[in-house]
Amino acid sequence: MTANMPEVDSRQYIFAYLIRSLDDVPADFPIPAADGGFRLGLLLPRDEPDWFGRPSYPTRILLLSGAAIVILPHPKTREPVIRIPLQQLLFVEAGHILLIGWLRFVEKGSEHKLPYNTRSVRPVEEFLRVLREEYLPGTLDVSPRGPLGFGEPLDLKFSNTEYFELDAGERVLFRFFSPVTKKIRRHWIFRWESWVPGDLVVLTNRRVLWVTDRVQERYAAYGTVTRSAPVRALAQLTCQRTAEDCALLVKLSSEASWSISLPLERQAEAQRFAEEVTRSCQWN
């Protein structure tokens, strides 16, 4: 006589983990037949339920399958499966503030943000590394010199972020860094302090990388956001003066661009960075 096995409910899982084969997939989470030969998967647990037993986001599985990212929500949610061909993916964002982490996949006309708890950050980082192997294959044709640095020297936070972000064989060609700066405003006897977030823009032989501690336009001392796009998607790089400061505009295509607000004192270096990249790089 065989004992009854308990029914699997992957909504109760609390840690993310990598899915390397169909044997790693929870029994209650069917994989579409067309994606059975996926390269790698990632299970992202749901948020902890509130007082009413409702999580703010569901359990999901991400698959890297058939040159696409496939987002599978738990079957009980009855949400649709999302498939994003890598050729249509404009850029990938990964962010974290303490225990709050998220992935964001931006394609033409839509974006998909997937929150997770950063206690499971290691499998997330490994999934992103493998994703970058397929998403960022190109090599930029530039002279072998480098890297060329503009702006200020990297501080410890941004230096470490760049070091751990770069993949094997990835080489920095150009770098611009604007560190966190403090602004002091006075009016009569009153004095206010505010912080301008730091921004790092890197061009490698594979991608355009923007690292910032700007979250929803505010400085996040314990947070970091990275955005990556294929280097050959870079269409234009310019520095523009605004009413109070300046902005480095990274145009990826007709559908996507990054506007990076900078203190006015960074304008000259940002302009030099944009001009040197434009002069040196060759896009096919």
**Prompt:** Can you work out the FRET efficiency for the pair Val8 and Ile100, with r the C-beta to C-beta distance and R0 = 35 Å, to the nearest 0.05?
**Reply:** 0.80
**Item:** ³J(HN,Hα), Karplus 6.51/-1.76/1.60, whole Hz, each residue of the range 276-281, x for Gly, Pro
**Value:** 5, 4, 4, 6, 8, 8
**Fill in**
Counting sequence-distant residues (5 or more places) and residues on other chains, those with an amide H built under 5 Å from that of Leu148 are Phe174, Arg175
**Asked** Which residue, chosen from Ile61, Ile97, Ile71, occupies the Cα position most advanced towards the positive end of the dipole of the range 1-137, where the dipole is computed from +1 (Lys, Arg) and -1 (Asp, Glu) charges on Cβ about the Cα centre?
**Response** Ile97
**Request:** Just flag the chymotrypsin sites (Phe, Trp or Tyr not before Pro) in the range 27-85 sitting in loop per DSSP whose Cβ has no more than 11 other Cβ atoms within 10 Å.
**Result:** Trp51, Phe52
**Request:** Report the local net charge at Val121: Lys and Arg +1, Asp and Glu -1, summed over other residues whose C-beta lies under 14 Å from its C-beta.
**Result:** 0
**Long-range HN-HN contacts of Asp199 with modeled amide H, under 5 Å** = Ser178
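Please get the size of the charge dipole for the range 148-280, origin at its Cα centre, with Cβ charges of +1 on Lys and Arg and -1 on Asp and Glu, quoted in debye to the nearest 20. Don't skip to the answer; put the middle values down first.
Numbers: 19 positive and 17 negative charges, 42 e Å.
Charge dipole, the range 148-280, about its Cα centre: 200 debye, nearest 20.
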**Asked** For helix 156-165, what angle does its Cα long axis make with the longest principal axis of the chain, in degrees from 0 to 90 and rounded to 10?
**Response** 50
**Asked** Picking from Thr161, Pro85, Cys246, whose Cα lies most toward the positive end of the charge dipole for the chain (charges on Cβ: Lys, Arg +1; Asp, Glu -1)?
**Response** Cys246
**Request:** Please work out the FRET efficiency for the pair Ala243 and Glu111, using the Cβ-Cβ distance as r and a Förster radius of 30 Å; give the result to the nearest 0.05.
**Result:** 0.60
**Request:** Mind listing the long-range amide H neighbours of Val215? Cut-off is under 5 Å, sequence gap 5 or more, other chains count too, H placed in the peptide plane at 1.01 Å from N.
**Result:** Ala220
**Message:** Given points 7 Å out from each Cα along the Cα-Cβ axis, report the Thr77 to Thr278 separation in nanometres with one decimal.
**Reply:** 4.3
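Per 0.36 nm of contour for each residue apart, how much would the distance between Ala168 and Glu217 grow if the chain were fully extended, relative to their Cα-Cα spacing? Kindly include the intermediate steps, with their values, before the conclusion.
Numbers: separation 49, 0.36 × 49 = 17.64 nm, distance 3.18 nm.
Answer, rounded to one decimal: 14.5 nm.
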**Message:** Restricting to DSSP H runs of at least four residues, report the calculated mean residue ellipticity at 222 nm for the chain, -39500 (n - 2.57) per run over all residues, nearest 500 deg cm²/dmol.
**Reply:** -4500 deg cm²/dmol
**Prompt:** Mind checking the angle between helix 121-135 and the chain's longest principal axis? C-alpha axes, 0 to 90 degrees, to the nearest 10.
**Reply:** 70
**Request:** Scan the chain and report its longest stretch carrying no GluC sites (Glu not before Pro) that are both in a DSSP loop and have at most 10 other Cβ atoms within 10 Å.
**Result:** 8-216
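If you take the C-alpha gyration tensor of the chain, multiply each eigenvalue by 5 and take the square root, what semi-axes do you get, largest first, in whole Å? Write down the numbers at each step before the final one.
Details: eigenvalues 291, 117, 47 Å².
Computed over the chain, the values are 38, 24, 15 Å.
Please work out whether the range 148-280 counts as rounded, prolate or oblate from its C-alpha gyration tensor, where a ≥ b ≥ c are the square roots of the eigenvalues and a/c under 1.5 means rounded, while otherwise a/b larger than b/c means prolate and anything else oblate? If you can, show how the numbers build up before the last one.
On the way: a/c = 2.00, a/b = 1.52, b/c = 1.32.
It comes out prolate by the Cα gyration axes.
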**Asked** Ordered by residue, what ³J(HN,Hα) values in Hz, to whole numbers, does the range 94-110 give under the Karplus form 6.51 cos²θ - 1.76 cosθ + 1.60, where θ = phi - 60° and Gly and Pro are x?
**Response** 9, x, 7, 9, 6, 8, 8, x, 7, 10, 9, 10, 10, 10, 4, x, 7
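For His112, His74, what ranking results if the residue with the fewest other Cβ atoms within 10 Å of its Cβ goes first? Kindly include the intermediate steps, with their values, before the conclusion.
Values: His112 14, His74 20.
By the 10 Å Cβ count, ascending, the order reads His112, His74.
To the nearest 20 debye, what is the magnitude of the charge dipole of the chain about its Cα centre, counting +1 on the Cβ of each Lys and Arg and -1 on the Cβ of each Asp and Glu? Walk me through the numbers on the way to the answer.
On the way: 36 positive and 35 negative charges, 118 e Å.
Rounded to the nearest 20 debye, it is 560 debye.
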**Item:** Zone residues, the range 152-167, relative to Glu133, backbone N less than 18 Å from point 7 Å out along Cα-to-Cβ
**Value:** 165-167
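For the range 10-135, what class follows from the C-alpha gyration tensor (a ≥ b ≥ c being the square roots of its eigenvalues): rounded when a/c is under 1.5, otherwise prolate if a/b is larger than b/c, else oblate? The partial results should precede the final answer.
Values: a/c = 1.45, a/b = 1.20, b/c = 1.21.
Because its axes are fairly even, with a/c under 1.5, the range 10-135 counts as rounded.
For the chain, what relative contact order do you get, as a whole percent, if you take Cα pairs closer than 8 Å and at least 6 residues apart? Walk me through the numbers before you get to the answer.
Working: 544 pairs, mean separation 36.2, N = 284.
Relative contact order for the chain comes out at 13 percent.
Since every read-out is calculated from the coordinates, none of them should be taken as a lab result. Values in this document were obtained by computation on a predicted structure and should not be read as measured data. Here the Cβ is made from the backbone with ideal geometry for all residues, glycine too, and neighbour counts use every protein chain on show.
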